[in-house]
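To keep things clear, I will list the structure first and then write my remarks on it.
Coordinate-derived values only; no laboratory data. For clarity, every value in this text was computed on a predicted model and none was experimentally measured. Don't worry about glycine lacking a Cβ; one is built from the backbone with ideal geometry, like all the others, and counts go over all protein chains shown.
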Amino acid sequence: MKVVKENPDGVFCWIDLSTTDIEGARAFYGGLFGWEASVSPMPGGGDYTNFQIGGYNVAGGGELGPEMVAAGVPAVWNSYVKFDDVDGVVERARAAGGMVTVEPMDITDQGRMAMFIDPTGAALGVWSPQAHIGAQIVNQANTLVWNELQTRDVPVAQAFFRDVFGWTNTVDGNGYVMYHADGRLHCGSLQMDETWGDMPPGWSVYFLVDDVDATAARAVELGGKVLVPPSPAGELGTMAVLQDPQGVSFSIIRFNGPADEPPGHTRE
């Protein structure tokens, strides 16, 4: 097992689940991916769950309060980019046309965070680590391996993230945009069209699995749904889109070849 010690600026370092039923989510993702749950009280009330494998953090989760549900805040997987200078990111996001939804704030001794919505309507977080570096295991079985922006205006998103994070990008033969940070290919962007209906833009998370078919079947057994059945992901491998019992969608993928090494400094 390779454990991340630190992340370079500009790469995704954390995801957490906003859900209507955190206990149900713990049972679902524990049964699906073998995640353990380490639960800690939050300063303002409520609990925060660190999902773990072998005692190492892989993702987080918290329950939406009644007032948030009443306000229409959706249950969703949130994605966070590591950047030491959170305040600078927020300033650049505003200047580039983004809307800040959570101003920079310290989370006890764990780190500093903020959240914003890009000009195409997709929400994203930024995290400056202190005691909590983010995900300690990635790009390995049952952990995060890819983040994907699904948007109706890819060119606007390209310009925005170049200005905010300094991301460069390449485009494959199918028009799929892939972003690079610190020399690392770490996320992508997919153009939404009319076939997506009224689905809002957002960042989708992908988990690496050993067997896409078996994982999809297991999700159904645990009360989830298969939104897109196991299908070829170009030449990369096989993927599926699933939905947990609380209605949150996510993707699973198995590559034909090995996944990239985890970012930052790692140890066996």
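The residue list T215, N256, P41 was ranked by how far each Cα lies along the charge dipole of the chain toward its positive end, using unit charges on Cβ atoms, and N256 comes out on top. Applied to the range 137-150, the Karplus parametrisation 6.51 cos²θ - 1.76 cosθ + 1.60 on θ = phi - 60° returns per-residue 3J(HN,Hα) values of 10, 9, 6, 9, 3, 6, 9, 4, 10, 6, 10, 9, 7, 10 Hz, with x for Gly and Pro. A dipole drawn for the chain from +1 and -1 charges on Cβ atoms has a positive end, and of V228, Q136, A159 the residue lying farthest that way is Q136.
Oblate is the label for the range 140-198, because the ratio a/c of its alpha-carbon gyration tensor axes (a ≥ b ≥ c) is 1.5 or higher and a/b is not greater than b/c. Summing Cβ point charges (Lys, Arg +1; Asp, Glu -1) relative to the Cα centre of the range 151-194 gives a dipole of roughly 160 debye. Per-residue ellipticity at 222 nm computed for the chain from its helices equals -5500 deg cm²/dmol, with DSSP H segments shorter than 4 residues left out and the rest contributing -39,500 (n - 2.57). Amide H to amide H distances under 5 Å link W167 with R162, where only residues 5 or more positions off or on other chains count and H is placed in the peptide plane.
Once backbone amide H atoms are built at 1.01 Å from N, L17 has G60, G61, G62, N78 as its partners under 5 Å, excluding neighbours fewer than 5 places away on the same chain. Here the Karplus relation 6.51 cos²θ - 1.76 cosθ + 1.60, evaluated at θ = phi - 60°, turns the backbone of the range 207-214 into coupling constants of 10, 7, 10, 7, 9, 5, 4, 5 Hz, with x for every Gly and Pro. Bridging of K2 to aspartates and glutamates at a Cα separation below 14 Å is possible for D260, E261, E268, once same-chain residues fewer than 8 apart are set aside. Measuring nothing but how far apart in sequence close Cα pairs (under 8 Å, 6+ apart) lie, relative to its length, the chain scores a relative contact order of 22 percent.
A96 sits among other residues whose Cβ lies under 11 Å from its own Cβ, and their net charge, with Lys and Arg +1 and Asp and Glu -1, is 0. Once you charge only the Cβ atoms, +1 for Lys and Arg and -1 for Asp and Glu, what is the size of the charge dipole of the range 23-112 about its Cα centre, to the nearest 20 debye? Using Cβ point charges on Lys, Arg, Asp and Glu, the range 23-112 gives about 280 debye.
Calculate how many DSSP beta bridges within the range 1-139 are antiparallel, expressed in % of all such bridges and rounded to the nearest 5.
Percent antiparallel among DSSP bridges in the range 1-139 is about 80.
Close amide H contacts of V100 (hydrogens built in the peptide plane, cut-off under 5 Å, sequence separation of 5 or more or a different chain): I117. Given +1 at the Cβ of Lys and Arg, -1 at the Cβ of Asp and Glu and no other charges, the dipole of the chain around its Cα centre is 240 debye to the nearest 20. Backbone phi angles across the range 220-225, fed through the Karplus curve with coefficients 6.51, -1.76 and 1.60 (θ = phi - 60°), yield HN-Hα couplings of 5, 4, 8, x, x, 10 Hz in residue order; Gly and Pro are listed as x. Would you work out which of F116, P66, H186 lies farthest towards the positive end of the dipole of the chain, given +1 charges on the beta-carbon of Lys and Arg and -1 on that of Asp and Glu, about the Cα centre? The one lying farthest along the dipole's positive direction is H186. Cα gyration tensor of the range 25-119, axes a ≥ b ≥ c as square roots of the eigenvalues: rounded (a/c below 1.5), prolate (a/b > b/c) or oblate? Because a/c hits 1.5 or more and a/b exceeds b/c, the range 25-119 counts as prolate. Taking every C-alpha pair closer than 8 Å and separated by at least 6 residues, the mean separation divided by the residue count of the range 144-267 gives a relative contact order of 22 percent.
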